[in-house]
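The block underneath contains the structure these notes are about, expressed in structure tokens.
The values are calculated or read from the model by the stated rules, or taken from the named source; none is laboratory data. What you see is a predicted model; the values in this text were computed from it and never measured. Every residue, glycine as well, gets a Cβ built from its backbone with ideal geometry; the counts of neighbours run over all protein chains shown. For the accessible areas, the whole protein counts, side chains as well, though only heavy atoms, and no ligand, DNA or RNA atoms are used. Shrake-Rupley method; radii C 1.70, N 1.55, O 1.52, S 1.80 Å.
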Amino acid sequence: MFETGCPCYPEGGLGLVKKSSGALHRGLRLGKLGLSLTGSYLGYQAQNIFLSEEKRDQRRRRFQTQSSRRVREELGSMKGAVMKLGQLLSQQTHALPEAAISELANLQMHAPGMHPTLARAQFKSSLGLAPEDAFRTFEEEPFAAASLGQVHRAVTREGKKVAVKIQYPAIRTAIENDLKLLRSATFPARLTGYAPADIIDEIQRGFLEETDYLQEGRNIELFARELKGFDFLTLPKVHWDLTSERVLTMSFVEGEIISRFLERHPSQALRDLIGTRMVELYYTQVHELRALHADHHPGNYLFQPDGWIGLIDFGCVKRINFDASSLIRSCVGRTWRQGDKEAARVLRLVFGPRIPYARARKMLPTLEVMTSVLYPEGKDADPLVDFGKAQSLKVLAKTLKQALRDKVTNPEFAFISRAELGLFSLLHQLNARVNVREIWRRCDRGS
């Protein structure tokens, strides 16, 4: 029917791959990629035996670039939950080589898009009219394409600049297939308790919620209403007459993604100002809204030279169902040091009631390290957290790894941890220095 296939079904046109074979097909592609990279790595190591130290270094950088490009291209073509994995990897600025970060960052906004014919068909089937009938002008080529859909520039009949997000065909089915594959792959880990089913359930809930653009529109209005007191913040406005479950039309938000913004060589004062504002936004969401923008990848923040911040993509919003403010107060004050009763209360907030205290308390040393990084204590301690050192990212990664190893994961934190990882990664790229403790105190006093 269409001259190019849906990205969810890379082998051909819309609907040619049956739902029952979707997970197997995508799993085979990932397996093939893994085997190919393994073979390339073995060949690279074999050739290193005959090279000088200087040439080894050159070859290492070339291998990293080529391998990262192959991973980016494969994940980009598959879309869905698999591509979201690549976006998450692109935030590991403390752990992955620069070449890998550079390539994987393209998955945030510059993945392969739909053919214009397919995008037009998606729009028309969702809203009942073609883009050229709905808008004064509509650019066929998307300016951004990511895991679930792509975004086009347009001008409304009233002359307003808008961004039009069009969902990829059958993307919900692709996500369901990816999660089936994940459940199969983690079956042994689920049996032993290292990958609890409720964690995968939470991931599936969040990813599938992102496919409902009507819900995303409601999320935008919630955050716009609750965060209106921040005069440095710009959020899009929803055009409901041009929005459906698979098409979202919003006002166009100006600004630059972080990589382009940093090319301007902003001053340290501006970096610190933006970092402070980002942390304040985060704490306000957790403390007052009890709802968190949980997709802090670099493509969703837009920066301006005057310190203004644009925040977009509200598909993934985590509603907070526990007393997060009490937990932060306990972390700032290290209240678990008061005795077992208080330690048990804090650990229940972190890990939930199903984790026995004897197992959860093994995490207390790691919790001490994390709080010492974010909330330095002592008269001689520097109150500023230097996110440029990546210590916060490393400690967070270590905490998550230990939680999996010790079987103390809490599904409530699946998307909260994702948001924190994205926030810390952005602050790391900014090299921002932020007084996190003071920002929290201001938020807590203002409630």
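Remarks
- The length gained by stretching the chain between Phe230 and Glu368 to full extension, at 0.36 nm per residue less their Cα-Cα distance, is 46.5 nm.
- Near Val238: Cβ cut-off under 14 Å, other residues only, Lys/Arg at +1 and Asp/Glu at -1. The net charge is -1.
- Sites matching trypsin sites (Lys or Arg not before Pro) across the range 345-447 that sit in DSSP coil, with at most 12 neighbouring C-beta atoms within 10 Å: Arg354, Lys379
- Accessible area per residue, Å², the range 103-253 with all protein chains present, probe 1.4 Å: 44
- Length gained on full extension, Lys379 to Arg290, computed as 0.36 nm times the residue gap minus the Cα-Cα distance: 28.8 nm.
- Sites matching trypsin sites (Lys or Arg not before Pro) across the range 235-325 that sit in DSSP coil, with at most 13 neighbouring C-beta atoms within 10 Å: Arg264
- On the basis of the beta-carbon distance and an R0 of 60 Å, Arg337 and Ser125 show a calculated FRET efficiency of 0.50.
- Unsatisfied cross-links (Cα-Cα over 21 Å) in the set Lys362/Lys394; Lys161/Lys237; Lys160/Lys237; Lys180/Lys401; Lys362/Lys401: Lys180/Lys401
- Calculated FRET value between Val155 and Lys398, using beta carbons and R₀ = 45 Å, to 0.05: 0.40
- Probing with 1.4 Å while keeping every protein chain in the model, the per residue accessible area of the range 255-447 equals 43 Å².
- Here the extension length gained between His265 and Lys389 equals 42.8 nm, from 0.36 nm per residue of separation less the Cα-Cα distance.
- Span from the the range 234-297 Cα centroid across to the the range 130-171 one, whole angstrom: 20
- When the square roots of the Cα gyration tensor eigenvalues are ordered a ≥ b ≥ c, the ratio a/c for the range 327-412 is 1.5 or more and a/b does not exceed b/c, which makes its shape oblate.
- Taking only protein heavy atoms and a 1.4 Å probe, the accessible area of the range 247-298 is 47% carbon and sulfur.
- Label-point separation in nm, Leu208 to Arg442, each point 7 Å along Cα→Cβ: 4.1
- FRET E, pair Glu141, Asp323, Förster distance 45 Å, beta-carbon r, rounded to 0.05: 0.45
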